[in-house]
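The values are calculated or read from the model by the stated rules, or taken from the named source; none is laboratory data. Everything numeric here is computed off the predicted structure, so don't read it as measured data. Ideal geometry is used to build each Cβ from the backbone, glycine not excepted, and the neighbour counts take in all protein chains shown. Note: accessible area is taken over every heavy atom of the protein model, side chains too, but ligands, DNA and RNA are not part of it. Shrake-Rupley method; radii C 1.70, N 1.55, O 1.52, S 1.80 Å.
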Amino acid sequence: NAGVTQTPKFRILKIGQSMTLQCTQDMNHNYMYWYRQDPGMGLKLIYYSVGAGITDKGEVPNGYNVSRSTTEDFPLRLELAAPSQTSVYFCASSSGLYATNEKLFFGSGTQLSVL
Amino acid sequence: AQTVTQSQPEMSVQEAETVTLSCTYDTSENNYYLFWYKQPPSRQMILVIRQEAYKQQNATENRFSVNFQKAAKSFSLKISDSQLGDTAMYFCAFLYPNTGNQFYFGTGTSLTVIP
């Protein structure tokens, strides 16, 4: 009963380095999302996907890239990390079936620091 | 643009007392869903309660209930008989099915339950 699995939980990057945050879900959900959470700012949508092969930008996509080659996986790529990308990142998924108690299922989050 | 406003950054309540967290939103949509999520110090995002905009009856889940005023675009959360475990950040969120199933979040209210 894994739900949404997100790795790593913590990471420290140097400015200019790159990394990929992994996210996988085992609920056969169509929709997947990446959010970042900054203190006092709530959750901001970075990218989302409505199904395998389809991705779209959210509110704050600059500096990030995503791919959705399978229904299960939705990795987030950070290229040329900057201090402004220091944040907590959440992956989430939803079924898209409104009649069946639609809600977001969240991963456990990644604390990323760029120094 | 869809906006969500939580005007109370921090609140506190005595154990066993009742507290109400406020949330307002701005939308031209007629079909949407409303949520309150709880984020304890563990960082995990936990769904507290869900409300469909087309339902007039306010949702309740044990000690948690909402006051949904559609015309006023208000969606407040009432926590009765507050417990120490209710100490957390609370986020109001909205789902607009017609915008790629995107969820929009407020900036959060940090609630502290005082023993």
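Assorted remarks:
- Scanning the stretch A:23-51 for residues that are out of contact with any Phe, Trp or Tyr (no Cβ under 9 Å at 6 or more places or on another chain), over 22 Å from B:F35 (Cβ atoms) and of a type outside the set (D, E) yields a total of 0.
- Residues being basic (K, R), within 11 Å of another protein chain (Cβ to nearest Cβ) and open to solvent by less than 70 Å² (accessible area, probe 1.4 Å) are entirely absent from the stretch B:69-91.
- Number of residues in the stretch B:11-36 that are open to solvent by less than 50 Å² (accessible area, probe 1.4 Å) and more than 16 Å from B:Y96 (Cβ to Cβ): the value is 6.
- Count of residues meeting criterion [open to solvent by 20 Å² or more (accessible area, probe 1.4 Å), in a strand (DSSP E or B) and away from every other protein chain (no Cβ under 14 Å)] in the stretch A:16-52: 3
- Positions within the stretch A:67-115 being under 13 Å from the mean Cα position of the chain (by Cα), away from chain B (no Cβ under 14 Å) and part of a strand (DSSP E or B), in sequence order: A:D73, A:L76, A:R77, A:L78
- Candidate set from the stretch A:58-90 (those that are modelled with pLDDT under 95 and farther than 25 Å from B:R43 by Cα); member that is surrounded by the fewest Cβ atoms within 10 Å (Cβ to Cβ): A:L80
- The set of residues from the stretch B:37-47 being buried (at least 17 other Cβ atoms within 10 Å of the Cβ) and over 12 Å from the mean Cα position of the chain (by Cα) comprises just one member, B:M45.
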